[in-house]
Structures are given as structure tokens and as C-alpha cells.
Amino acid sequence: MFSLSKTALSLLLTTVVVGATPIVSASALSESKSFVTSEKNQQGLSIPSTIEELLKDPRYKDLTFTDGSVSLYKRLESLKNEYPNITADQVTDIYMKERGIGYEEAKSIWMELTPAERALAISNPIIAAVIDSCKEKAYPYTSTNYGKSGQGR
């Protein structure tokens, strides 16, 4: 029928994995950092520990981030540090009350996330930022190479 290139297949699998991410409880969210740390130790992975480190890390130089997405993930990072068991509803409440430069675009991005994407963003803002950037690259790539993005675009 048709064949997918390795890049398109990996982007498709990333999208499927992200879309299948279950909604997790607050206690599971608080345990996610220890999971990432143990995975890092077991697998020898080096995951940036802050959004600032991610933005400066040369391994992620091909990813692009909007000011709004950087603002969103930095804010989620600070909320997670301040309130380790914060829920998606609490984050939404905070965004609905906050105003200022950068908050409106970040709030708009937050409101467009699915429940699974919100759970990931709260549990690990760094990984969520990487996946978000990959998603933004996948749509035009798929559209250019296969005629449509799968999103009707």
C-alpha cells in the first residue's frame, strides 16, 4: 500500500504514545520526578532538569519553542516546585486568575491541551515541552510528505 519513512513512523508513534497517555492522579504526578530520576540512572539518559537547561541544551537545538509555550512550561515548572501535588484543575484556576504579558498566550495553550496532555505537562513540563515541539514539527512534515497531516490540514 504505502510505506512510512523512519522519521514519519517515529513521529506517528510519538503522537500515538502522547495521545494514549492516561490521566494520572495527583499522587502519581508527585512520583513522576522520582521515576524520571530512576530512569535516568538506569538507562544513562541525560534529561535536562529545567526548561532553561532544555533551551540551552545543544541536543535539542532543532526544536522550536514559542514565547507562549516557554512561558507555559516555565510556569508549570514553578507551580510543580511550589505545589508538588497540584492538579490540572488547580492550574486552570491559577491561569484564569493571572494576567500579564505572556500569560494570555500561555493560558490559551493550556486551555487547548487535552486532559492527557495536561497530566503530562504537570507531571513533567520538560518532557511535555519536547513533545509539544515535536508535534508542531510533525504536522507540517506529514502534510508536506504525505499530502495531509491527519488533522484535516
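The values are calculated or read from the model by the stated rules, or taken from the named source; none is laboratory data. Since the structure is predicted, the reported quantities are computational estimates derived from the model, not experimental observations. FYI the Cβ positions are ideal-geometry reconstructions off the backbone, even for glycines, and counts take in every protein chain you see. Areas reflect the complete protein model, heavy atoms only, side chains present, ligands, DNA and RNA absent. Shrake-Rupley method; radii C 1.70, N 1.55, O 1.52, S 1.80 Å.
Here are the numbers for this structure:
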| quantity | calculated |
| --- | --- |
| 13 Å beta-carbon shell around residue 103, net charge (K/R +1, D/E -1) | +1 |
| Spin-label model distance (nm) - residue 81 vs residue 97, 7 Å beyond Cα toward Cβ | 2.1 |
| Around residue 112: net Lys/Arg minus Asp/Glu count, Cβ-Cβ under 15 Å | -2 |
| Whole-number accessible area per residue in Å² for the range 70-147, which is evaluated in the context of all protein chains at 1.4 Å | 51 |
| Orientation-averaged projected area, Cα convex hull of the range 45-97 (nm²) | 4.6 |
| FRET E, pair residue 137, residue 55, Förster distance 22 Å, beta-carbon r, rounded to 0.05 | 0.85 |
| Cα coordinate range in the range 63-153, projected on the principal axes (Å, largest first) | 44, 25, 21 |
| Lys pairs under 23 Å by Cα in the range 88-148, provided they are eight or more residues apart or on distinct chains | 5 |
